[in-house]
Amino acid sequence: MTPDSAGTLAEPDLARVCDLLYRQTGILVPGNRRAFVERRVLERMRATGTGDLPAYLARLRADRDGEVQLFVNAFTVNETYFNREEHQLHCLTGSLLAAVTAGRSFGDPIRIWSMPCATGEEPYSLAIWLLEHWPAVDAWEIEIVGSDIDTRALAAAQAGRYGARALGRLPPAVVARYFTREEGTAGGPTWRILPELRGSVRFSRRNLVDGAGMAQEGRFDIVFCRNVLIYFDDASRQIAADNLFSALRPGGFLCLGHTESMARIPSRFRTRRFPEAVVYQRPEDAHA
């Protein structure tokens, strides 16, 4: 129950940690990732001054100091960049928005959700793409929301500072229009999203497998949920799919990562094949 002399956890103890992570997040840890889990748990035990795993698990159960959130933060993957899966951005302005706005009046709200949003590159990419590529952008009341389970990632998203690697796919002219360069940081220069653009995106903590929490955001016209379902087993993927379905207005669209699909789980979504991308749609006549 305590780390051995090599600083490792016994397999039964590691299984308990993986089970806790699964129940909190829906993420199923494959066997080849157990060493990663072990490192993260030992880091949290050292950070909290906890000498053995039972004491640390008791601390998580009590959660008087927010350790559960820090535990979850330790396992999330936030590697991303601006304009990732650009074909979906082309689909957004080339096909999806035309379908969403059909029959509506100028000035009506259009709600777009980036879930999970990691450190903010995706929702800011959506905002910039609309400004650059959708002539009707000013005719609608657009709301972009970015949500994630990782509070550290959300803090970084709200700060809106990025390194050169994250901006690598953005044209220099776009960087110049929407970012200010900041010098003197330890890792070299960073670029910060302009305040007015930062203010156009709202961030919140949400969990894909927590339907009640997701419902608090209301319903959206378009949801981007990319590169997270690959970490779920079929049971968690079904829960997430149901929650995403409920998060969409009738006729709304869901964009998944290019390696993801609804193929392995029962789904109420309709598959839509547009010239730019394959997406999923909540049918117009779907209920609840």
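Here, each number is a calculation from the coordinates, and none is a lab measurement. Model, not experiment: these values are computed from the prediction. Don't worry about glycine lacking a Cβ; one is built from the backbone with ideal geometry, like all the others, and counts go over all protein chains shown.
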³J(HN,Hα), Karplus 6.51/-1.76/1.60, whole Hz, each residue of region 156-166, x for Gly, Pro: 5, 5, 5, 5, x, 10, 9, x, 4, 4, 5
Relative contact order (percent, whole number), the chain, Cα cutoff 8 Å, 6+ residue spacing: 17 percent
Net charge, E260 excluded, C-beta distance under 12 Å - Lys, Arg +1, Asp, Glu -1: +2
Interchain or long-range residues, amide H under 5 Å from V223's placed H: W113, F253, L254, C255
Least to most buried among R165, R34 (fewest other Cβ within 10 Å first): R165, R34
Peptides 246-253, 205-212 ordered by average Cβ neighbours within 10 Å, highest first: 246-253, 205-212
Ranked C18, C225, criterion: other C-beta atoms within 10 Å, fewest first: C18, C225
Gain on full stretching of the segment that runs from S246 to D285 - 0.36 nm per residue minus C-alpha separation: 12.7 nm
Linear extension gain, R268 paired with A139, 0.36 nm per residue minus alpha-carbon span: 43.2 nm
Within region 164-288, percent of DSSP bridges classed antiparallel, to nearest 5: 65 percent
FRET efficiency for E182 and L131, using Cβ-Cβ distance with R0 set to 30 Å, rounded to 0.05: 0.85
Within-10-Å neighbourhood charge of T93 [Cβ basis; K, R +1; D, E -1]: -2
Descending semi-axes in Å of region 11-73, equivalent ellipsoid built from Cα gyration tensor: 18, 13, 10
Between helix 11-25 and the chain: long-axis angle, C-alpha atoms, 0 to 90°, nearest 10: 30 degrees
Tail weight of P(r) past 20 Å, computed on alpha-carbon pairs of region 82-141, percent: 24 percent
Cα-based helix-to-principal-axis angle, 34-48 vs the chain, degrees rounded to 10: 70 degrees
Antiparallel DSSP beta bridges within the chain, as percent of all bridges there, nearest 5: 40 percent
Relative contact order (%) - criterion: Cα under 8 Å, at least six apart; region: region 11-73: 29 percent
Cα→Cβ-extended label distance, 7 Å offset, between E86 and A102, nm: 2.8 nm
Equivalent ellipsoid semi-axes - Cα gyration tensor, region 90-244, angstrom: 26, 22, 13
Computed over the chain, Cα set: Rg, Dmax in Å: 20.5, 68
The chain - mean residue ellipticity at 222 nm from DSSP helices (-39,500 (n - 2.57) per run, n ≥ 4, rounded to 500): -11000 deg cm²/dmol
0 to 90° range, to nearest 10: angle between helix 234-247 axis and the chain longest Cα axis: 40 degrees
Cut-off under 5 Å, modelled amide H: who pairs with I142 long-range: I110
Alpha-carbon centroids, region 1-76 and region 225-241: separation in whole Å: 22 Å
Least to most buried among I110, I230 (fewest other Cβ within 10 Å first): I230, I110
